[in-house]
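What follows is a single structure, written as structure tokens, with notes after it.
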Amino acid sequence: QIHLIEADAPPSLGQHFALAVTDLDQAVTELRGLGVPVTDPVKVGTGRQSFLTDPAGNRLELQEPGS
């Protein structure tokens, strides 16, 4: 999933790239096991999301769609 939004970025999130995952808990656990800091999953609408930052400083969203 790629968000293409023509607007000012919200100050709390900033610009970011979003990736859909089928199991957010598993993705977070795997990344943390590799030493990557990831935020705890939070519910947003019917889905959930977590954030991390890549080595270049880009913010990435892991998004698990809801039903």
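The values are calculated or read from the model by the stated rules, or taken from the named source; none is laboratory data. The model shown is predicted, which means the values in this text are computed figures rather than measured ones. So basically every Cβ, Gly included, is an ideal-geometry build from the backbone, and we count neighbours across all protein chains shown. Surface areas here come from the heavy atoms of the whole protein model, side chains and all, with no ligands, DNA or RNA. Shrake-Rupley method; radii C 1.70, N 1.55, O 1.52, S 1.80 Å.
Before moving on, here are some points about what is shown:
- Filtering the stretch 30-56 to residues that are surrounded by 12 or more Cβ atoms within 10 Å (Cβ to Cβ) and of a type in the set (S, T, N, Q) leaves T39, Q49, S50, T53.
- So T39, is it polar (S, T, N, Q), touching a Phe, Trp or Tyr at 6+ places or on another chain (Cβ under 6 Å) and modelled with pLDDT of 95 or more: yes
- The listed residue being of a type in the set (D, E, K, R) and at pLDDT 95 or above, out of D54, D23: D23
- Flag if R59 is modelled with pLDDT of 95 or more and either surrounded by 10 or more Cβ atoms within 10 Å (Cβ to Cβ) or in contact with a Phe, Trp or Tyr (Cβ under 8 Å, 6 or more places away or on another chain) (or both): no
- Inside the stretch 12-67, residues that are among the aliphatic types (A, V, I, L, M) and in contact with a helix residue (DSSP H, G or I) (Cβ under 8 Å, 6 or more places away or on another chain) make up a count of 4.
- Breaking point among (1) free of Cβ contacts under 8 Å to residues at least 40 places away in the same chain; (2) open to solvent by 60 Å² or more (accessible area, probe 1.4 Å), for L19: (1)
- Residues of the stretch 23-44 that turn out to be of a type outside the set (K, R) and in a helix (DSSP H, G or I), as a count: 9
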